[in-house]
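Notes follow once the structure below has been shown.
The values are calculated or read from the model by the stated rules, or taken from the named source; none is laboratory data. Being a predicted model, the structure only gives us computed values, none of them experimental. Don't worry about glycine lacking a Cβ; one is built from the backbone with ideal geometry, like all the others, and counts go over all protein chains shown.
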Amino acid sequence: MTPINSGRVWRGAIAGGIAWTVWSFVTGMIVGEERYMKAQADRIFLGDSRIPVFLGAWILCLFALSYAGAWLYAHVRRSAGPGPGTAACVGAWLGFAAGFPANMAQLAWLNTDVMLPIGWIVNLWGGAIIATLIAGWLYRE
């Protein structure tokens, strides 16, 4: 069995992380700053983050999840076969785990505009699929 090409995993993780970061900003713009501002005005959200470096930490999390998708794809392709179908499947499961359960609870219980948790689900689920597709496209053994 051929060993995993860790250089290609890292390359895919970095490219996927960049794409996921862009996707995250795009989905944030679609959800709209006004929804976030209203949630702050209604005191549902804090005016200032408890994590002073939140934006950097968020991007770091996206890159870590992108690495997870690239690594999982490199391992799963051995049994499921290489290609975009396998990458999309790995990304969909990763995105589901990362984005759906907690945000479904927010959708059910958070007293704010429903588009916020729906946007968060789309952000994480879609971003995971995009990042893993890119990682799969770049991966070679």
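Apart from one condition, Thr112 fits all of (1) touching an Asp or Glu at 6+ places or on another chain (Cβ under 8 Å); (2) surrounded by 21 or more Cβ atoms within 10 Å (Cβ to Cβ); the exception is (2). The residue that is farthest from Thr112 (Cα to Cα), counting only those in the range 27-43 that are surrounded by 14 or more Cβ atoms within 10 Å (Cβ to Cβ) and of a type outside the set (Lys, Arg), is Thr27.
Test Gly127 against the stated conditions and say whether it is within 13 Å of Ala15 (Cα to Cα) and either loosely packed, with under 12 Cβ neighbours inside 10 Å or of a type outside the set (A, V, I, L, M) (or both). Yes, satisfied.
When residues in the range 44-61 are screened for being surrounded by 10 or more Cβ atoms within 10 Å (Cβ to Cβ) and either among the small types (Gly, Ala, Ser) or closer than 20 Å to Asn111 by Cβ (or both), 5 of them pass. Of the residues making up the range 42-75, those that are within 16 Å of Ala98 (Cα to Cα) and at pLDDT below 95 number 0.
In the range 3-26, the residue that is surrounded by the most Cβ atoms within 10 Å (Cβ to Cβ) out of those that are of a type in the set (Gly, Ala, Ser) and within 11 Å of the chain's Cα centre (by Cα) is Gly16.
Here Ala70 meets the list (1) buried (at least 18 other Cβ atoms within 10 Å of the Cβ); (2) on the phi > 0 side of the Ramachandran plot almost entirely, failing just condition (2). For Ser79, the stated conditions hold: it is out of contact with any Lys or Arg (no Cβ under 7 Å at 6 or more places or on another chain), among the polar types (S, T, N, Q) and surrounded by fewer than 18 Cβ atoms within 10 Å (Cβ to Cβ). No other residue among Ala128, Ala135 is farther than 28 Å from Glu34 by Cα and in a helix (DSSP H, G or I) apart from Ala135.
Within the range 105-131, residues that are over 20 Å from Pro84 (Cβ atoms) reach partners that are modelled with pLDDT under 95 and not in a helix (DSSP H, G or I) with beta carbons closer than 6 Å, at six or more positions or on different chains, in the pairs Thr112/Ile44.
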